[in-house]
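Encoded as C-alpha cells, the structure appears first; notes follow it.
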Amino acid sequence: ASQGQITTVGALGAGTIGTGFGTINNGASSITTTGAVGTGALTVTGGASFSDNIGVGGAADDLANLTILGNISSGTVQIGLWAKPTLDGSSFTRGIQTSHAISEAATSAAGLYVGNVTGAAITTQYGIYMEALTTATTDYAIYTQGGLHHFGDDVHVADGYGLVVGHTAQVAVGGTSA
C-alpha cells in the first residue's frame, strides 16, 4: 500500500531501492557493501583509498595498480593522465614520483617506461617532451645524480653553447666503450 507520510523506518534488510528514489543522505555514516557499486559521475571531497587495482574508463588490469582506458575524442590537446597538484612547498617537492620494489629477480626494470604511440599517422613523436623551465634560479630539464647514460641513436644539440663532453668512458664487457 502507498504510504505518503512515513517519517522513520527501521533497517532495510533485503530488496532494492528503485529508480527515482532520490538523494540518500546518511550523514557521516559509512556505506558498506561487498558488492560492486555502479554510478554515473563520482565526486570525492575527502581522501580516497583503494585496496585493489583501479580501472578508469574500463576494467582494471591485473598487471597495473591504475589502468586508464577509454576514448578522448574532443579538444586540440588530449591528455590520458593529468597530474597538476598545488604543493605547499618543502625542501624538495615532486609533482609525480615513481619508485618500486621487486620481490623476485627480474631481467630489467624501469622507473619510467614510455611506449611507442600507435594508431593513426603522427608527424612528430616525442618519448618525453618538456616545455622550457624558467621559474627557478637554476632550471634543469634533465638532472641525474649519476649512473651510466645510454642513447640508442644520434644526440642532437640545438645550441652547442656550453656543451661539455665527458672525458670518462665506461668499458663494457668485450672491451668496447659504452
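Bear in mind that the values in this text are calculations on the coordinates, not laboratory data. Treat the numbers as computed from the prediction; the structure is a model and nothing was measured.
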Next on the checklist: For a quick check: with amide H placed at 1.01 Å from N, whose amide H comes under 5 Å from ASP61's, ignoring anything fewer than 5 positions away on the same chain?
Outcome noted: THR67
Item to check | In sequence order, calculated HN-Hα J values of region 83-98 (Karplus, 6.51, -1.76, 1.60; Hz; x Gly/Pro) | outcome: 10, 9, x, 9, 9, 6, x, 6, 6, 7, 8, 9, x, 9, 10, 10
